[in-house]
Amino acid sequence: MAGMKFDYAPAPESRAIVDIKSSYGLFIGGEFVDSIDGRPFKTISPASEEVLAEVTEAGPQDVDRAIAAARTAFQTTWGPMRPADRAKYLYRIARIVQERSRELAVLESLDNGKPIRESRDVDIPLVAAHFFYYAGWADKLSYAGFGPDPKPLGVAGQVIPWNFPLLMLSWKIAPALAAGNTVVLKPAETTPLTAVVFAEICQQAGLPPGVVNIITGAGDTGRALVEHPGVDKVAFTGSTEVGRMIAKSVAGSPKKITLELGGKAANIIFDDAPIDQAVEGIVNGIFFNQGHVCCAGSRLLVQESVYDEVLTSLKRRLTTLRVGDPLDKNTDIGAINSAAQLERIRELSDAGVAEGAQRWSPPCELPDRGFWFPPTVFTGVSQAHRIAREEIFGPVLSVLTFRTPDEAVEKANNTPYGLSAGVWTDKGSRILAIAGQLRAGVVWANTFNRFDPSSPFGGYKESGYGREGGRHGLEAYLDV
Ligand code: NAD
């Protein structure tokens with residue numbers, strides 16, 4: 001019947017599968033220990049503001065202790081171990097992640113706010129895939145192209161963000177261990193819980209004590225970790241601002257460093273693109289994970305001749321997105337991860353209006369409690385607007401237009417970032433020509449936000465340096 005819309009009945013995933021303890025210590029030397037000089041803090045569900053658990057903010061002495069445990073493990077167990085035996089542990093971790101995948105997905109959605117559909121179908125399967133992939137490399141390092149007998153670096157200090165908590169952990173830990181290093185990892189302060197369960201998984205896998213150490217905390221703990229002289233390698237994913245500070249602090253030291261920072265990716269739609277597919281790609285590009293994605297397609301560049309068609313179709317599609325309970329299997333867009341991030345998204349969106357762009361959102365009811373932002377599209381955006389230049393890290397799309405391929409490339413590259421880009425066109429030759437001119441670490445063609453452990457990921461310019469994933473990702477953890 002014209003105009004009639006059937007609604008979905010609620011389909012909530014059960015929380016019964018997760019058993020969240022009221023408080024967690026630090027995972028150091030293979031066991032959960034009380035902090036020496038830290039203090040407790042709470043982690044909440046951003047969808048309801050309910051307190052989920054109390055975790056520990058590790059102090060400097062805790063950081064010392066974790067690094068010492070990692071050093072001992074490097075020297076006594078993990079370093080000397082036969083590579084084929086290291087591989088067995090990584091395979092075992094991958095299988096346990098698969099076995100506990102439903103629990104991990106529910107916990108990730110609770111602590112982060114992302115829809116269960118994504119944590120279940122994207123995050124957790126990719127976590128297992130990363131461990132499987134790097135398990136395969138552990139005994140084949142001499143064939144990785146880094147010399148006949150590449151050596152590990154030692155102890156890696158790793159700091160990760162809150163947007164893909166367990167997935168970023170796997171991007172950091174899997175290659176580090178496969179290359180024979182031991183690690184101390186700090187998850188983000190708003191999303192510590194899946195990292196804590198990962199510590200339990202390390203115990204379950206019988207991983208020798210100290211190979212993986214998980215210390216929770218915020219910026220101070222992160223700083224103490226990356227600045228510690230006992231760390232041989234620093235790996236950081238997060239904001240460009242903090243990345244810059246870390247690069248300065250390790251400069252002049254022998255530490256090896258990789259930085260994966262922000263982005264402001266262009267998603268380019270040519271007039272010969274399959275428009276319906278492109279619209280799905282635009283939606284996936286910016287509304288996946290509430291837009292909390294460093295490689296999000298946050299700048300849409302549409303060829304003028306198909307602008308009206310693309311915008312009409314995009315707006316119609318956005319009216320079908322469901323915003324709400326992350327644990328509901330029908331939900332497309334979950335909660336914004338924190339009050340601070342919501343504030344940043346609001347501030348930049350208000351700046352968009354103040355600078356003269358037109359703001360549009362589909363009608364949608366947002367829950368009363370928790371942190372929420374509707375899917376938002378800005379049209380009439382110029383390259384000078386803040387919403388075209390700065391990373392919003394939320395469900396906000398800025399739309400610009402172009403007439404010629406050269407203009408598209410010029411606008412796409414007109415950013416201090418260079419993490420990713422998308423190209424939509426029917427012509428293979430155009431894909432190759434445009435991709436070759438884009439200054440972006442990853443270029444997707446007729447798709448967006450696709451990830452695979454065998455494919456290297458990383459940026460140009462202010463998006464950072466070094467690559468994670470694939471054979472390239474091993475280099476960062478080897479003395480080459
Ligand atoms: P952030 O850089 O402040 O935090 C990322 C991680 O670094 C967290 O674990 C944090 O505790 C830690 N940290 C903070 N200060 C530190 C310091 N001085 N030394 C060492 N570690 C430190 O990022 P955020 O506050 O979570 O988000 C702010 C902005 O960062 C976002 O709006 C977005 O633009 C960007 N961001 C990018 C990514 C990405 O994947 N590239 C991920 C998250 C956030």
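The values are calculated or read from the model by the stated rules, or taken from the named source; none is laboratory data. Computed from a predicted structure; not experimentally measured. In this analysis, Cβ positions are derived from the backbone assuming ideal geometry, glycine residues included, and neighbour counts consider all displayed protein chains.
Every listed requirement among (1) under 20 Å from the mean Cα position of the chain (by Cα); (2) away from the ligand (no atom under 14 Å from the Cβ); (3) not small (Gly, Ala, Ser) is met by Pro229 save one, (1).
Among the residues making up the stretch 311-352, a single one is within 18 Å of Val279 (Cα to Cα) and small (Gly, Ala, Ser): Ser313.
Being in contact with a strand residue (DSSP E or B) (Cβ under 8 Å, 6 or more places away or on another chain), part of a helix (DSSP H, G or I), at pLDDT 95 or above and of a type in the set (Gly, Ala, Ser), is that true of even one residue in the stretch 54-62?
No, because not a single residue in the stretch 54-62 is in contact with a strand residue (DSSP E or B) (Cβ under 8 Å, 6 or more places away or on another chain), part of a helix (DSSP H, G or I), at pLDDT 95 or above and of a type in the set (Gly, Ala, Ser).
Within the stretch 43-74, if we keep just the residues that are under 16 Å from Val226 (Cα atoms) and not aliphatic (A, V, I, L, M), the residue that is surrounded by the fewest Cβ atoms within 10 Å (Cβ to Cβ) turns out to be Gln61. Of the residues Gly324, Gly291, Gly281, the single one that is within 16 Å of the ligand (Cβ to nearest atom) and outside the structural domain of Glu468 (by TED's automatic domain parsing) is Gly291.
One residue stands out among those in the stretch 237-257 that are touching a Pro at 6+ places or on another chain (Cβ under 9 Å) and within 8 Å of the ligand (Cβ to nearest atom): the one that is nearest to Ser170 (Cα to Cα), which is Thr237. Taken across the stretch 290-304, residues that are over 30 Å from Ile333 (Cβ atoms), touching a residue at least 40 places away in the same chain (Cβ under 8 Å) and not in a helix (DSSP H, G or I) do not occur at all.
Selection of first residues in the stretch 384-397 that are without any contact (Cβ under 8 Å) to a residue 40 or more places away in the chain and under 17 Å from Asn284 (Cβ atoms) and of second residues that are in a loop (DSSP other than H, G, I, E, B) and within 12 Å of the ligand (Cβ to nearest atom), restricted to Cβ pairs under 7 Å at least 6 apart or on distinct chains, gives an empty result.
Residue pairs whose Cβ atoms lie under 6 Å apart, sitting 6 or more positions apart in sequence or on different chains, and linking a residue in the stretch 66-86 that is assigned by TED's automatic domain parsing to the domain that holds Leu185 to a partner that is at pLDDT below 95, do not occur here.
Does Pro125 count as without any contact (Cβ under 8 Å) to a residue 40 or more places away in the chain, away from the ligand (no atom under 16 Å from the Cβ) and more than 20 Å from the chain's Cα centre (by Cα)?
no
Contact map, the stretch 173-186: first residue within 16 Å of the ligand (Cβ to nearest atom), second residue at pLDDT 95 or above and of a type in the set (Ser, Thr, Tyr), Cβ cut-off under 6 Å, separation 6 or more or different chains; pairs are Lys186/Thr221. Of all residues in the stretch 263-276, one or more are in a helix (DSSP H, G or I) and not small (Gly, Ala, Ser).
Taken over the stretch 189-207, residues that are within 14 Å of the ligand (Cβ to nearest atom), under 24 Å from Pro152 (Cα atoms) and in a loop (DSSP other than H, G, I, E, B) amount to 0. Here is a check on your reading of the model: is Leu167 within 11 Å of the ligand (Cβ to nearest atom) and crowded, with 24+ Cβ neighbours inside 10 Å? For Leu167, the condition - within 11 Å of the ligand (Cβ to nearest atom) and crowded, with 24+ Cβ neighbours inside 10 Å - is not met.
Scanning the stretch 234-262 for residues that are assigned to a loop (DSSP other than H, G, I, E, B) and buried (at least 17 other Cβ atoms within 10 Å of the Cβ), we see that the one that is farthest from the chain's Cα centre (by Cα) is Lys255.
Under the condition of being in contact with an Asp or Glu (Cβ under 9 Å, 6 or more places away or on another chain) and modelled with pLDDT of 90 or more, which residue from the stretch 1-19 is farthest from Pro192 (Cα to Cα)? The residue in question is Pro10.
Scanning the stretch 280-313 for residues that are surrounded by 22 or more Cβ atoms within 10 Å (Cβ to Cβ) and over 23 Å from the mean Cα position of the chain (by Cα) turns up Leu301, Val302, Gln303, Val310. Selection of the stretch 323-359 for residues being of a type in the set (D, E, K, R) and within 15 Å of Asn289 (Cβ to Cβ) yields only Asp332. Scanning the stretch 332-375 for residues that are within 16 Å of the ligand (Cβ to nearest atom) and polar (S, T, N, Q) returns Asn337, Ser338, Gln341, Ser349. One residue alone among Gly210, Gly217 is more than 16 Å from the ligand (Cβ to nearest atom) and either in a loop (DSSP other than H, G, I, E, B) or on the phi > 0 side of the Ramachandran plot (or both), and that residue is Gly210.
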